[in-house]
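The values are calculated or read from the model by the stated rules, or taken from the named source; none is laboratory data. All of these numbers come straight from a predicted model, not from anything done at the bench. When we count neighbours, we look across all protein chains shown, and the Cβ atoms used for this are built from the backbone with ideal geometry, even at glycine.
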Amino acid sequence: MKRNLITPFFVLTLVTLCFMSFAWSQAPKPKDYPTRAIEVVVQYGAGGGSDIFVRSLMMPARSQLKVPINVTNLTGGAGVKASTYVLSQPADGYTIYNFSPEQLINTIFGRENYKEFAPLCMVQQDQSIFYVRAESPFKTIQDVIKYAKENPGKLQFTGTTAASPDEVIIMLFAKKAGIKVKYIPFDAAPETHAAVLGGHIDILHEEPGVIMSLIEAKKLRPLIAFTEKRLDKFPDVPTGRELGYDITMGRWRGLCVKKGTPQEVINYLADVFKKCSQDPSYKAIEKANLLDLRPGWKGPEEYGKFWEEEYVRYKEIFDELGYLKKK
Amino acid sequence: MLDIWLGAIQNIFNLTTLLIIWGGVLLGVILGSVPGLNSTMGTALLIPFTFAMSPVNGLALLSAVYCGGTYGGSISAILFNVPGAPEASATVFDGYEMAKKGKAAHALGYAVICSCIGGLFSVVIMTLISPLLAGVALTFSQPEYFALAITALTLIASLGGKGLKKAAIAGVFGLLMATVGIDPMTSDPRFTFGGKALIGGINFIPAIIGAFAVGEILARSESKTEKKEVFLSKISTKLPRIKEILKMKWLVLRSAIIGTWIGILPGVGATTAAFVGYAEAVRWSKHPEKFGTGIPEGIAGPETANNAATGGAMVPLLTLGIPGSATTAVIIGGFLVHGLQPGPMLFMNQPKLMYSIFIAMFLANVLMLFAGLGVAKLFSNFRRIRYSILGPCIFIFASIGSYGIRNDVTDLWIMFFFGVVGYFMKKYNYPIAPMIIGLVLGNLTEISLRRGMRMADYNLSAFLFRPIAGVILLIAIVSILYSVIRKKPKVIEED
């Protein structure tokens, strides 16, 4: 008879607990999740922008989720390796993936399919800016365009890796400005900084956070920012929009899981990461990297819509640039 | 200036910081010596912990792990033929051969002393003329990188030993393997056979582990009777005498300079430094044919250079905020958690912190000597096990090391593949080192050539008429010609 008494008691406690968690957060904590360590897969190397983003967001997440969170760097093949790994894991919310624009680009090139992932949340949106080195003869972006028109195909731009978001924005700008330029990709961002500082390449595409010190030391000069409005940090730098090149782009960073993961897990995780993105320890890192200048947060649904929009946008650009014809 | 130095000394010479540096070095050596773990991973994992420390302590810890980890890889390279970290890849060539001869203790001794000398040299250079060097490094463009890589590749010719033809075949095979994966300039997949497994390219660590360690295990398991190996009942590190070190003072100095310089260059790090250090040790040696048979010079060359690259890689990081290697890229995170952005402004605004890092790295390199002795002793106990038992253990060790480097099962298959390749190369007397050199330097050679050509509108003269690139290329050409002309039949020691 004893057992009969315990069961309702247990159920009652459980129900109360459930209600209590309702009261604490909008998304209820799913039953039995998480009970073991969660793995977060990053497709880029340790210490890069995406890696720092994930690791700094996971710091507060550990105390929220109360399970260990392991960050794994699985590099290579423009993220295809990492994507393949994530998709080989069960869709149970224990494998979270740092979804980046490369996954959309890979889909365009037929290397993977972004639709196999379910969006969790977007956390940051970075700003794309063009820079020249201090000694450069170019004072404004108009100087650059003038030079490029006089010397078609001579002007050199650099960014990270080929067929990347960096190349897309550079080529889009060139097209809108009616100029012909050369794009010289490097494998890692620091190499691009060195090439421009050394005067080997004319113009650098970069997000300002990583090179703030070089900007403050006046070794690099920003010329144009592809943001909605001028950045408070650089009030003298015109936006593309002002000059008639309607480009607003910038690398975004967010998370996803494998498609088929229970919706309650997705909602719960999105909720947890939203709180984490407000955590002082994360905020401090965001501020230090100038990542708080643009609203970045998007929930699962919004983020999913954003993927579709970005996919269409990239596909159009690659089509226009002739990347897909040769395939 | 003096007060900055005094402040920096005060920052470092207190019990907590000294203990942190010691702990960091020890941890680094252990991480380095275990295949599959390395200092890049170690520093990335430690960054969250440095959040709770003061900036000086946190950065001292990270740089200590970095120094220790770069040396640590040589321990397993020498004892087990498995480089514990990418930086120790070139140490396998002579280190393991020396251990096979029963001179493991000597080999470990040379590795730790040369690492220490290389590290100290680069820290002193970095302290004295950091900003100047960083400026010079920026003048290096793609032609110079290409010249550097191609010069090291010409070592394949000098390494030939018995057959230039066989060495060339092995070298070209290595270069070919380096082209697998996504094309760095156009982003097209190459040699992936339509699958996803090879899209990330062939990582050279599993390939080295396969060709050397697995190949050796396969070859040895063939012989029925166990080959008698010289085992000392007690192996500990035997430090070389000062006289022995003085005998190769030019080699060590050359490697230290090469290592520091390659460390400073963005995009290339300690691994490239080790290979170039080895290449130059062979090039200027009076008996290049002995390399690969287990001689101390073959350890001193790469080990001095790779540790010299640690100080070198800090130069552009601290002066420009541009990391000179993969691990220094991670160390940026250690600055960021304290709201500091490494670069010219930090160098101007916080000189005391900068000099504290210099002192911490100097100390780390000295302490590495002791940490190295301790960890090497621990590991060398394994060498007392019979090969029929040790061999399979090394195999497990090798598998973990190959998988751990980037958590990819494909890397295990690559290791098996190169194990079989290495076995047949041994059997048919093809030297393995040229293949590895081709594989490691292939990427740098290709990308710097193609990038440089695109920048110069496909005009080859851009490569030849740049003063530095031209001179380095000239050295390469002369050394190829020299080694071809000199290749007269000579009595060569059998291995």
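Among (1) within 11 Å of chain B (Cβ to nearest Cβ); (2) surrounded by fewer than 23 Cβ atoms within 10 Å (Cβ to Cβ); (3) touching a strand residue (DSSP E or B) at 6+ places or on another chain (Cβ under 8 Å), where does residue A:50 come up short?
Status for residue A:50: all satisfied but (1).
How many residues are of a type in the set (A, V, I, L, M) and touching a residue at least 60 places away in the same chain (Cβ under 8 Å) if we restrict to the stretch A:64-101?
Number of matching residues: 6.
So residue A:214 clears everything in (1) within 11 Å of chain B (Cβ to nearest Cβ); (2) closer than 26 Å to residue A:285 by Cα; (3) out of contact with any His (no Cβ under 8 Å at 6 or more places or on another chain) except one condition, right? Which one?
Result: residue A:214 passes all but (3).
Here are some conditions: (1) in the same structural domain as residue A:317 (by TED's automatic domain parsing); (2) in a loop (DSSP other than H, G, I, E, B). Residue A:273 meets all but one. Which one does it not meet?
Condition not satisfied by residue A:273: (2).
Pairs under 8 Å by beta carbon, first residue part of a helix (DSSP H, G or I) in the stretch B:121-137, partner at pLDDT 85 or above and among the basic types (Lys, Arg), six or more apart or different chains?
If the second residue must be at pLDDT 85 or above and among the basic types (Lys, Arg), no pairs are left.
Among (1) away from chain A (no Cβ under 14 Å); (2) over 29 Å from residue B:75 (Cα atoms), where does residue B:309 come up short?
Exception for residue B:309: condition (2).
With respect to the numbered conditions (1) closer than 25 Å to residue A:61 by Cα; (2) within 13 Å of chain B (Cβ to nearest Cβ); (3) surrounded by fewer than 21 Cβ atoms within 10 Å (Cβ to Cβ), which one is the sole condition not fulfilled by residue A:90?
Among (1) closer than 25 Å to residue A:61 by Cα; (2) within 13 Å of chain B (Cβ to nearest Cβ); (3) surrounded by fewer than 21 Cβ atoms within 10 Å (Cβ to Cβ), the lone unmet condition for residue A:90 is (2).
Please tell me if residue B:206 is surrounded by 15 or more Cβ atoms within 10 Å (Cβ to Cβ), at pLDDT 90 or above and within 14 Å of another protein chain (Cβ to nearest Cβ).
So residue B:206 fits the description; yes.
Condition first: more than 14 Å from chain A (Cβ to nearest Cβ), surrounded by 23 or more Cβ atoms within 10 Å (Cβ to Cβ) and outside any helix (DSSP H, G or I). Can you find one or more residues in the stretch B:25-46 that meet it?
Taking every residue of the stretch B:25-46 in turn, at least one turns out to be more than 14 Å from chain A (Cβ to nearest Cβ), surrounded by 23 or more Cβ atoms within 10 Å (Cβ to Cβ) and outside any helix (DSSP H, G or I).
Between residues in the stretch B:324-345 that are facing chain A (nearest Cβ under 7 Å) and residues that are at pLDDT below 80 and part of a helix (DSSP H, G or I), which pairs lie under 6 Å by C-beta distance while being six or more apart or on different chains?
From residues that are facing chain A (nearest Cβ under 7 Å), the pairs are B:336/A:288; B:339/A:288.
For the stretch A:120-238, which helices (runs of 4 or more DSSP H) that fit wholly inside it have 3 or more residues that are closer than 30 Å to residue A:254 by Cβ and touching a Pro at 6+ places or on another chain (Cβ under 7 Å)?
It comes to A:189-197, A:212-216.
If you scan the stretch B:314-329, which residues turn out to be at pLDDT below 85 and touching a Ser or Thr at 6+ places or on another chain (Cβ under 7 Å)?
Across the stretch B:314-329, the qualifying residue is only B:326.
Checking the structure you have, find out if any residue of the stretch B:57-72 is within 14 Å of residue B:110 (Cα to Cα) and within 11 Å of the chain's Cα centre (by Cα).
yes
Condition (residue is touching a strand residue (DSSP E or B) at 6+ places or on another chain (Cβ under 8 Å) and free of Cβ contacts under 8 Å to residues at least 60 places away in the same chain) applied to the stretch B:307-323: is it met by at least one residue?
No, that holds for no residue.
Of (1) within 14 Å of chain B (Cβ to nearest Cβ); (2) surrounded by fewer than 22 Cβ atoms within 10 Å (Cβ to Cβ); (3) at negative phi; (4) not polar (S, T, N, Q), residue A:193 satisfies all except one. Which?
If we test residue A:193 against (1) within 14 Å of chain B (Cβ to nearest Cβ); (2) surrounded by fewer than 22 Cβ atoms within 10 Å (Cβ to Cβ); (3) at negative phi; (4) not polar (S, T, N, Q), just (2) comes out false.
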